[in-house]
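The values are calculated or read from the model by the stated rules, or taken from the named source; none is laboratory data. Values in this document were obtained by computation on a predicted structure and should not be read as measured data. Here the Cβ positions follow ideal geometry from the backbone for every residue, glycine too, while neighbour counts run over all protein chains shown.
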């Protein structure tokens, strides 16, 4: 996890993610830094069912609706989800990151 600000800022951010992860209807996945993965997303994206993907870049935003292109993102999300930890395991990983930032602060 990149340090976006000071270690204290990162601790606050991690605390908030842990808090939100306990809310009904929220599912937070964390891919541990040392976990081997087979996919590497080049950018973030928002998936809307299997109908559309919104991709934001530094220069523009693209709305993708071609079924084959949407399928690529559906499959990418499935692979990322498979690599991720959720619930208590995700919170444990986040707690480890939090402890590392506290040690740096």
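Could you list, in sequence order, all residues of the stretch 1-17 that are under 15 Å from residue 90 (Cα atoms) and assigned to a loop (DSSP other than H, G, I, E, B)?
1
This table checks each residue for (1) modelled with pLDDT under 95; (2) assigned to a helix (DSSP H, G or I); (3) surrounded by 13 or more Cβ atoms within 10 Å (Cβ to Cβ).
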{"site": "19", "(1), (2), (3)": "no, yes, no"}
{"site": "23", "(1), (2), (3)": "no, no, no"}
{"site": "26", "(1), (2), (3)": "no, no, no"}
{"site": "33", "(1), (2), (3)": "yes, no, no"}
{"site": "63", "(1), (2), (3)": "no, no, no"}
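Failed condition for residue 37, given (1) over 28 Å from residue 3 (Cβ atoms); (2) at pLDDT below 95; (3) in contact with a helix residue (DSSP H, G or I) (Cβ under 6 Å, 6 or more places away or on another chain), with all others met?
Condition not satisfied by residue 37: (1).
For the stretch 35-50, name all the residues that are assigned to a loop (DSSP other than H, G, I, E, B), free of Cβ contacts under 8 Å to residues at least 40 places away in the same chain and surrounded by 12 or more Cβ atoms within 10 Å (Cβ to Cβ).
Answer for the stretch 35-50, where residues must be assigned to a loop (DSSP other than H, G, I, E, B), free of Cβ contacts under 8 Å to residues at least 40 places away in the same chain and surrounded by 12 or more Cβ atoms within 10 Å (Cβ to Cβ): just 41.
For residue 105, work out the one condition from (1) surrounded by 10 or more Cβ atoms within 10 Å (Cβ to Cβ); (2) at pLDDT 95 or above it doesn't fulfil.
(2)
As an exercise: evaluate residue 53 against (1) assigned to a strand (DSSP E or B); (2) exposed (fewer than 10 other Cβ atoms within 10 Å of the Cβ) and give the number of the one condition it does not meet.
Evaluating residue 53 over (1) assigned to a strand (DSSP E or B); (2) exposed (fewer than 10 other Cβ atoms within 10 Å of the Cβ) leaves (2) as the failure.
Are any of the residues in the stretch 65-72 in contact with a strand residue (DSSP E or B) (Cβ under 6 Å, 6 or more places away or on another chain) and closer than 16 Å to residue 91 by Cα?
no
Quick one: residue 80 ticks every box in (1) without any contact (Cβ under 8 Å) to a residue 60 or more places away in the chain; (2) assigned to a helix (DSSP H, G or I); (3) within 22 Å of residue 5 (Cα to Cα); (4) under 14 Å from the mean Cα position of the chain (by Cα) bar one, so which box is it?
Single failed check for residue 80: (3).
Tell me, yes or no, whether the stretch 67-88 has at least one residue that is at negative phi, modelled with pLDDT under 95 and exposed (fewer than 12 other Cβ atoms within 10 Å of the Cβ). Full working, then the answer.
Step one: of the stretch 67-88, the residues at negative phi are 67-86, 88.
Okay, now just the ones that are also modelled with pLDDT under 95, so none.
For the stretch 67-88, residues at negative phi, modelled with pLDDT under 95 and exposed (fewer than 12 other Cβ atoms within 10 Å of the Cβ): absent.
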